[in-house]
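Trainee: I am attaching a structure below and will ask some questions about it afterwards.
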Amino acid sequence: MKVSVFNQEGQVAREMDLDPYVFGVSADVTLLHSVVTSIMSNRRRSTAHTKTRAEVSGGGKKPWKQKGTGRARHGSTRSPIWKGGGVTFGPRTERNYERKINAKVMKKAMRMSLSVKAEEGKLLLLDSWNLPKAKTKAVIQVLGALHIPLEKKHAALLVTHEKAHDLIQHARNISSVRTAGKENVSIVDLLKYPYVVTTPETVDYLTSVYGDKRGKKRVRQSADKVSKT
């Protein structure tokens, strides 16, 4: 699979080969849904908290005597059936929403997400992020040259190879654009933003991380056997 590498004027500078093991995987909707829901669940924090009858203040005195009043017996006004009493089975901060995601499943989902962008032609490669002026206007001009509709709520995900502080600072002024480093690319962002703009160096990095390492190991072993013979 080949993909075009553009310059900052939106012109095709050259073409680059993509590893089919990383960028040519057929998508499994069920697996992607499971991984995305797990990631979102792991981001969730339990903030809602209700007090039980043991934590509500007051209620130390018995409201009335046990017998002889003609009313139902009660031992505390902090009972859940009383107004201002404790809450039964309410939300607590101790609740844990974390879900386990196997490393192999996570890598497979990442390969699927990257493959979807490559197949749809929405994986756009720039020869470099070296803008003449690291200004928001310059970033908008580059993305406009790539025909990315910035007026949408979610337009593009910019993945940087190095720590481009200037690019991150000025791209975050565009509400429809999000930036991420090569080590922090999220599957949720890949599926959320239609376009992914990055560099060939980042593609090489992603290929080295999510590529077929077992296949490379077999090739090395076979080469060693040939050299010994």
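The values are calculated or read from the model by the stated rules, or taken from the named source; none is laboratory data. For clarity, every value in this text was computed on a predicted model and none was experimentally measured. All Cβ positions, glycine included, derive from the backbone under ideal geometry; neighbour counts span all protein chains shown.
Trainee: Pairs please, first residue from the stretch 155-172 and crowded, with 18+ Cβ neighbours inside 10 Å, second anywhere and of a type in the set (Asp, Glu) and in a loop (DSSP other than H, G, I, E, B), Cβ atoms under 8 Å, 6+ apart in sequence or on different chains.
Mentor: Taking only residues 6 or more apart or on different chains, not a single pair turns up.
Trainee: Which condition breaks for THR37 when tested against (1) farther than 23 Å from TYR195 by Cβ; (2) assigned by TED's automatic domain parsing to the domain that holds THR202; (3) hydroxyl-bearing (Ser, Thr, Tyr)?
Mentor: (2)
Trainee: Continuing with the same structure: What are the residues in the stretch 8-64 that are closer than 30 Å to LEU131 by Cβ and either among the charged types (D, E, K, R) or in contact with a strand residue (DSSP E or B) (Cβ under 6 Å, 6 or more places away or on another chain) (or both), if any?
Mentor: Those that are closer than 30 Å to LEU131 by Cβ and either among the charged types (D, E, K, R) or in contact with a strand residue (DSSP E or B) (Cβ under 6 Å, 6 or more places away or on another chain) (or both): GLU9, VAL12, ALA13, ARG14, GLU15, MET16, ASP17, LEU18, ASP19.
Trainee: Exactly one of these conditions fails for VAL116: (1) in contact (Cβ under 8 Å) with a residue 12 or more places away in the chain; (2) farther than 25 Å from LEU190 by Cβ. Give me its number.
Mentor: Unmet condition: (2).
Trainee: So, one more: For the stretch 13-55, what are the residues that are closer than 30 Å to LEU146 by Cα, part of a helix (DSSP H, G or I) and among the β-branched types (Val, Ile, Thr)? Reasoning before the result, please.
Mentor: First, pick out the residues of the stretch 13-55 that are closer than 30 Å to LEU146 by Cα: 13-29, 32-33, 36.
Now restrict to residues that are part of a helix (DSSP H, G or I): 20-23, 29, 32-33, 36.
Of everything in the stretch 13-55, those that are closer than 30 Å to LEU146 by Cα, part of a helix (DSSP H, G or I) and among the β-branched types (Val, Ile, Thr) turn out to be VAL22, VAL29, VAL36.
Trainee: If you check LYS100 against the conditions, is it assigned to a loop (DSSP other than H, G, I, E, B), surrounded by fewer than 11 Cβ atoms within 10 Å (Cβ to Cβ) and not aliphatic (A, V, I, L, M)?
Mentor: Working: assigned to a loop (DSSP other than H, G, I, E, B): yes; surrounded by fewer than 11 Cβ atoms within 10 Å (Cβ to Cβ): yes; not aliphatic (A, V, I, L, M): yes.
Judged against the criteria, LYS100 is a match.
Trainee: Same structure, new question: Do we have any residue at all in the stretch 4-12 that's loosely packed, with under 14 Cβ neighbours inside 10 Å, in a strand (DSSP E or B) and not acidic (Asp, Glu)?
Mentor: The answer is yes; a qualifying residue exists.
Trainee: Given the criterion closer than 30 Å to GLU119 by Cβ and either hydroxyl-bearing (Ser, Thr, Tyr) or at pLDDT 95 or above (or both), identify the matching residue among SER38, SER76, SER57.
Mentor: SER38
Trainee: Further question on the same structure: Residue check: is GLY86 assigned to a loop (DSSP other than H, G, I, E, B), small (Gly, Ala, Ser) and touching a residue at least 40 places away in the same chain (Cβ under 8 Å)?
Mentor: So GLY86 fails the test.
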